[in-house]
Amino acid sequence: MELTSSTEADLQIVTVQEPRIDAPVATAFKDNMRDLTEAGKDTVLLDLNHVKFIDSSGLGAIVAAMKSLGPGRRLILAGLTPAVDKVFKLTRMDSVFGVFSTVDAALSELRG
């Protein structure tokens, strides 16, 4: 599971560089997210623009990543492709996370 990380202003941007977050990679995703974000900024933006498919294991892995951030920190999402967005809406997880259409939209909102 390849993730890349960068810092922009007061937040950390983690980009998933894989087309799927599903059962075979869910544990690797959680571990990589924890490693990348454990000493990071208070806000972590997860860029999902490369992800074309997510299943319940992947959704659970994203929730686990949010919980691993701990109190006072938050995980927001950007760049959900139509199939991934549909999963978040069907499960109502779009109400748990701040969801933005693009990374730029998220940055614009957070700065504003």
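The values are calculated or read from the model by the stated rules, or taken from the named source; none is laboratory data. Being a predicted model, the structure only gives us computed values, none of them experimental. Backbone-built Cβ (ideal geometry, glycine too); neighbour counts: all protein chains shown.
Specify the residue that is surrounded by the most Cβ atoms within 10 Å (Cβ to Cβ); the eligible residues are those in segment 73-87 that are of a type in the set (Val, Ile, Thr) and closer than 22 Å to Glu109 by Cβ.
Val84
If you scan segment 32-55, which residues turn out to be touching a residue at least 24 places away in the same chain (Cβ under 8 Å), part of a helix (DSSP H, G or I) and more than 24 Å from Lys86 (Cβ to Cβ)?
Asn32, Arg34, Leu36, Thr37
Residue-wise test of (1) surrounded by 13 or more Cβ atoms within 10 Å (Cβ to Cβ); (2) outside any helix (DSSP H, G or I); (3) among the aliphatic types (A, V, I, L, M); (4) at pLDDT below 95.
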site: Ala61; (1), (2), (3), (4): yes, no, yes, no
site: Lys67; (1), (2), (3), (4): no, no, no, yes
site: Pro71; (1), (2), (3), (4): no, yes, no, yes
site: Lys89; (1), (2), (3), (4): yes, no, no, yes
site: Asp94; (1), (2), (3), (4): yes, no, no, yes
site: Val99; (1), (2), (3), (4): yes, yes, yes, yes
site: Asp104; (1), (2), (3), (4): no, no, no, yes
site: Leu107; (1), (2), (3), (4): yes, no, yes, yes
site: Leu110; (1), (2), (3), (4): yes, no, yes, yes
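Within segment 21-51, how many residues turn out to be within 18 Å of Pro71 (Cα to Cα), surrounded by fewer than 19 Cβ atoms within 10 Å (Cβ to Cβ) and out of contact with any Asp or Glu (no Cβ under 9 Å at 6 or more places or on another chain)?
Count: 6.
Report, ordered by the first and then the second residue, all pairs with beta carbons closer than 6 Å, sequence separation of six or more or different chains, a first member in segment 91-109 that is without any contact (Cβ under 8 Å) to a residue 60 or more places away in the chain, and a second member that is in a loop (DSSP other than H, G, I, E, B).
Thr102/Gly79
Within segment 3-21, how many residues are of a type in the set (D, E, K, R) and under 15 Å from Lys52 (Cβ atoms)?
Count: 2.
Scan segment 1-20 for residues that are in contact with a Ser or Thr (Cβ under 8 Å, 6 or more places away or on another chain) and crowded, with 18+ Cβ neighbours inside 10 Å and jot them down.
Scanning segment 1-20 gives Leu3, Leu11, Gln12, Ile13, Val14, Thr15.
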